[in-house]
Every structure is written in C-alpha cells, then in structure tokens.
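Down below is the structure, laid out as structure tokens.
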C-alpha cells in the first residue's frame with residue numbers, strides 16, 4: 001500500500017551523532033513529487049544539525065527506491081525543465097551535507113533511486129540488490145545528477161554502458177566497477193552499516209568534513225548539471241519520451257522513432 005501521508009514519506013530519526021533517513025513509500029519507494037519535497041525537508045533538517053556526524057540513508061526490503069512516478073511526468077519541455085532542476089537541487093543539497101552519508105541498499109535501486117545513491121558518500125548493499133538506470137527504455141535519461149556523478153565515480157566507459165543500455169546489475173558487479181563499496185548477505189547488511197557508522201563517528205569531524213569537501217571539489221565539473229537539464233528538456237520536444245511514458249502507462253512495448 002502506498003503511503004499517502006506526505007509527512008511520513010521520508011522519515012528522519014536521531015540517535016546521538018547518528019541519523020537515519022528512510023525513504024518510506026513502500027513497497028517500491030517511488031519518489032513522487034511529495035516524496036521528493038519531503039526528502040528536501042529532511043535534508044534541510046540535517047543541514048542545521050551540527051551534532052550529527054553520520055547519516056544512514058535507507059529504504060525498505062523490496063526497494064531502496066525505483067525512482068520517479070512515471071504518472072507524474074510533465075507533458076511539455078518547460079515542465080520537464082522544472083522537474084529536473086528541482087531534482088538536481090535536492091540531490092546537490094544531499095551530496096553537500098556536512099555529515100558523511102551511507103547508502104544502505106536493498107532490493108531495487110533504480111533510476112531516481114540510484115541517483116539518490118550516487119549522492120551518498122559511501123554505499124553498502126545486500127547481495128540481492130539490483131542497481132540500474134533504466135530511463136533510456138522510456139526515452140529519458142538520468143539527468144538529476146545521475147550522469148555526471150556516474151561518470152565521475154566509475155569512468156566514462158562503464159557509465160556509457162549503464163546509461164545507454166539501461167540494464168540492471170547485481171550488487172557484486174556494482175562493487176567490481178567501483179559503483180558501491182561493499183556487498184554482503186542480506187542478514188549482514190545492518191551490522192555492516194552500523195559498524196561503518198560507528199567507525200566514522202569515532203573520527204574527527206573537521207577532517208571528515210574537509211576530506212569530503214576536497215574530494216567533491218577535485219571532481220567538480222562546471223556546467224554538467226546544465227548539460228543534463230538541456231538534454232532532458234530536449235527529449236520532451238520529440239516523440240520518443242512521450243511514447244515511452246504512454247507505453248509504460250498502457251503496459252505495452254513502446255514504438256520509438258528511428259534515427
């Protein structure tokens with residue numbers, strides 16, 4: 001059953017220097033407009049908490065998140081621009097938190113959900129997790145920071161494959177290409193996450209904060225977010241994205257235009 005209470009779509013709990021942020025729209029943790037707004041609210045709360053050093057970001061057993069609600073996709077280019085700029089803004093704020101963020105990944109980690117993962121500093125997964133960017137199969141692209149962060153994290157060769165094919169990969173393959181840090185059996189994931197969080201909380205806050213800031217600065221690429229947004233908007237001016245969305249809603253195979 002979908003959670004319709006916007007205040008509960010993303011929850012935040014504190015325990016000393018540790019915070020837990022949970023995407024809470026089961027079973028698939030779809031990032032509706034309301035859920036994204038709730039995520040931004042929680043990120044704003046974390047920005048004010050100088051006493052918190054580590055944030056664990058998690059979903060549910062079946063899904064960390066499968067990303068956007070296709071039924072909420074806008075109909076035109078201006079709506080597409082507003083959508084992608086809002087999503088970029090949220091995920092940039094998440095990535096820039098002073099705290100160290102740990103993504104705890106279970107089940108489906110797809111599309112916009114995978115872009116949330118890419119905004120986290122460290123990434124741990126259960127071995128049954130499936131990770132991917134299927135937007136291309138709708139005629140879209142992972143443009144909320146997904147492409148620029150993916151290229152930064154795993155290089156252009158593997159990033160092209162994930163973006164252009166839209167396939168999902170296993171957690172173990174994600175480790176092998178440097179997309180996530182570690183994959184363990186499902187029943188060990190919570191203990192591993194807790195151990196990593198505890199280790200980080202014992203380290204000096206100033207060094208953690210500056211280390212994170214320096215890594216981000218080294219790989220910053222001016223204008224990449226605009227390039228993503230422009231690409232996303234241009235897709236709204238053609239046939240294929242609208243056909244992909246319609247096919248998804250109608251549960252049929254899309255009929256894309258050729259070259």
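Within the stretch 35-55, the residues that satisfy the criterion of being more than 15 Å from residue 91 (Cα to Cα) and surrounded by 18 or more Cβ atoms within 10 Å (Cβ to Cβ) are 52, 53, 54. Scanning the stretch 28-71 for residues that are over 22 Å from residue 170 (Cβ atoms), in a loop (DSSP other than H, G, I, E, B) and out of contact with any strand residue (DSSP E or B) (no Cβ under 6 Å at 6 or more places or on another chain) returns 32, 48, 49, 50, 51, 53. Restricting the stretch 107-127 to residues that are in a loop (DSSP other than H, G, I, E, B) and under 12 Å from residue 57 (Cβ atoms) leaves a set whose member that is farthest from the chain's Cα centre (by Cα) is 121.
Looking only at residues of the stretch 72-106 that are out of contact with any strand residue (DSSP E or B) (no Cβ under 9 Å at 6 or more places or on another chain) and outside any helix (DSSP H, G or I), we find that the one that is surrounded by the most Cβ atoms within 10 Å (Cβ to Cβ) is 73.
Going residue by residue through the stretch 133-149, is there one that turns out to be modelled with pLDDT of 95 or more, surrounded by fewer than 23 Cβ atoms within 10 Å (Cβ to Cβ) and in contact with a strand residue (DSSP E or B) (Cβ under 8 Å, 6 or more places away or on another chain)? Scanning the stretch 133-149, I find at least one residue that is modelled with pLDDT of 95 or more, surrounded by fewer than 23 Cβ atoms within 10 Å (Cβ to Cβ) and in contact with a strand residue (DSSP E or B) (Cβ under 8 Å, 6 or more places away or on another chain), so the answer is yes. Just checking, does the stretch 174-182 include any residue being within 13 Å of the chain's Cα centre (by Cα), surrounded by 22 or more Cβ atoms within 10 Å (Cβ to Cβ) and either farther than 25 Å from residue 83 by Cα or modelled with pLDDT under 95 (or both)? Yes: one or more hits.
The values are calculated or read from the model by the stated rules, or taken from the named source; none is laboratory data. These numbers come from a predicted model, not from an experiment. Cβ coordinates were reconstructed from backbone atoms using ideal geometry, including for glycine residues, and neighbour counts include every protein chain displayed.
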